[in-house]
1. Can you tell me which of B:D90, B:D125, B:D200 is within 13 Å of chain A (Cβ to nearest Cβ), surrounded by fewer than 23 Cβ atoms within 10 Å (Cβ to Cβ), free of Cβ contacts under 8 Å to residues at least 40 places away in the same chain and farther than 27 Å from A:V140 by Cβ?
2. Could we say that A:L127 is part of a strand (DSSP E or B) and modelled with pLDDT of 95 or more here?
3. Of all residues in the stretch A:108-121 being surrounded by fewer than 17 Cβ atoms within 10 Å (Cβ to Cβ) and out of contact with any Ser or Thr (no Cβ under 6 Å at 6 or more places or on another chain), which is nearest to A:R87 (Cα to Cα)?
4. Of the numbered conditions (1) more than 17 Å from A:V146 (Cα to Cα); (2) of a type in the set (K, R); (3) touching a helix residue (DSSP H, G or I) at 6+ places or on another chain (Cβ under 9 Å), A:R94 satisfies every one except a single condition; which is it?
5. Of the residues that sit in the stretch B:93-109 and are under 16 Å from B:R138 (Cα atoms) and part of a helix (DSSP H, G or I), which one is nearest to the chain's Cα centre (by Cα)?
6. Looking only at residues in the stretch A:157-167 that are part of a helix (DSSP H, G or I) and more than 7 Å from every other protein chain (Cβ to nearest Cβ), which one is farthest from the chain's Cα centre (by Cα)?
7. One residue is enough: does the stretch B:147-155 have a residue meeting the conditions in contact with a Pro (Cβ under 7 Å, 6 or more places away or on another chain), over 18 Å from B:S190 (Cβ atoms) and touching a residue at least 24 places away in the same chain (Cβ under 8 Å)?
8. Name every residue in the stretch A:44-70 that is surrounded by fewer than 20 Cβ atoms within 10 Å (Cβ to Cβ), touching a strand residue (DSSP E or B) at 6+ places or on another chain (Cβ under 9 Å) and either among the acidic types (D, E) or under 18 Å from A:S152 (Cα atoms) (or both), in order of residue number.
2 protein chains.
Amino acid sequence: MRIVFPIFDGFTALDAVGPYEVLRMLPEADVVFAARTPGPVTDGAGLLTLTATAAFTEVETADVLVVPGGPGARRGLADEALLDWIRRIDAGTRWTTSVCTGSLLLGAAGLLKGLSATTHWSAVDLLESYGATYTAERVVTQGKIVTAAGVSSGIDMALRLADLIAGRVAAEAFQLAIEYDPQPPFDAGSFAKAPQAAKDYLKAAR
Amino acid sequence: MRIVFPIFDGFTALDAVGPYEVLRMLPEADVVFAARTPGPVTDGAGLLTLTATAAFTEVETADVLVVPGGPGARRGLADEALLDWIRRIDAGTRWTTSVCTGSLLLGAAGLLKGLSATTHWSAVDLLESYGATYTAERVVTQGKIVTAAGVSSGIDMALRLADLIAGRVAAEAFQLAIEYDPQPPFDAGSFAKAPQAAKDYLKAAR
């Protein structure tokens, strides 16, 4: 079970690390962090650096592809080499997935045409510009394409994938292993539910 | 606002990256990943490598200390240099926090004596051996010491900290930014709720 996470300068770390902590527990999981060149890759905040273990050119197949988002995903929308690699990998996957604005990369690669999909709430119009229909759900499954909403939603997506790949008992075991019994202190985690003041704060912080 | 994450071989990546994605949004956040030596540090699964940006010896103060757990945390319980560093940093923090078995390191450093605290469900006895009283809550606050339960609980903890440090509007904004509206597909995220079959699966997988 080869699970491949493409990473690129400006990715959002939690988009990748959330699903990673679930999917790495799959039986015989073989995890690859792929990038243009192996070595350090820095996140969108410029504060966290993850090591890519392989170059895109060295990775020709994946059972599960997990494309994270982040400011770098938006910058990658015109990166034909990256989009081409995504298309080539997708041709052989069992599951092609994205977290947050990673779905924009799937869209730009032409993989979401005519499909329902989700993304970070700030990227809805851009997602739809690639021929997808935005669905305000946390995880959207369309055949083998699975898109998840913003950042933290990758954990929910990975647990659903684990169920599909290894069965419910395994998925529940992984949920217990990461003690995923979420208790957010506020109910501001979606655009529909967040108070206006929180939205204004984010706008001002940009 | 200096936020310091000590990392060590065998840490659990999500323990650090969950809180990181929230706390890095604090006004004037200055994030440091500290380790014995700067450079690559590999997680407990041996599959993910994060870069430490400073050596422990270079980090003398922190406003917020976030100690992750993982197999390496258990191995660190006899590492007097690490425990000593934790004690020195704690002396000047505004908040000293842990995620998962990171609380064992706080315990071994002598910081939890007589306090209520939490940890990963698999480490309860060990936590109590350091003079703490285990509390089956997701986040436990005792003065400036905040301990969180297993792995994914660091996100909940970080949002509570964000509220205490920057106020509720900021914390809600950060929750919206990471679209943290969790929808786990199963209700197996705590030891009390997980079915026996999931517990048996984890035991067999060890």
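1. Values: B:D90 fails: within 13 Å of chain A (Cβ to nearest Cβ); B:D125 fails: within 13 Å of chain A (Cβ to nearest Cβ).
From the options B:D90, B:D125, B:D200, the qualifying one is B:D200.
2. Details: part of a strand (DSSP E or B): no; modelled with pLDDT of 95 or more: yes.
No, not satisfied.
3. Residues of the stretch A:108-121 that are surrounded by fewer than 17 Cβ atoms within 10 Å (Cβ to Cβ), as a first pass: A:110, A:113-114, A:116.
Still in the running and out of contact with any Ser or Thr (no Cβ under 6 Å at 6 or more places or on another chain): A:110, A:113-114.
Details: A:G110: 8, A:K113: 13, A:G114: 16 Å.
Here the residue is A:G110.
4. (1)
5. Among them, the one singled out is B:G102.
6. Narrowing the stretch A:157-167 to residues part of a helix (DSSP H, G or I): A:157-166.
Applying the additional criterion that residues be more than 7 Å from every other protein chain (Cβ to nearest Cβ) yields A:157-158, A:161-162, A:164-166.
On the way: A:M157: 9, A:A158: 10, A:L161: 12, A:A162: 15, A:L164: 17, A:I165: 17, A:A166: 20 Å.
Of everything passing the filter in the stretch A:157-167, A:A166 is farthest from the chain's Cα centre (by Cα).
7. no
8. A:A45, A:E58, A:D63 - these are the residues of the stretch A:44-70 that are surrounded by fewer than 20 Cβ atoms within 10 Å (Cβ to Cβ), touching a strand residue (DSSP E or B) at 6+ places or on another chain (Cβ under 9 Å) and either among the acidic types (D, E) or under 18 Å from A:S152 (Cα atoms) (or both).
The values are calculated or read from the model by the stated rules, or taken from the named source; none is laboratory data. Worth saying up front: this structure is predicted, and the values here are computed from it rather than measured. Please note: Cβ atoms are built from the backbone with ideal geometry, for glycine as well, and neighbour counts cover all protein chains shown.
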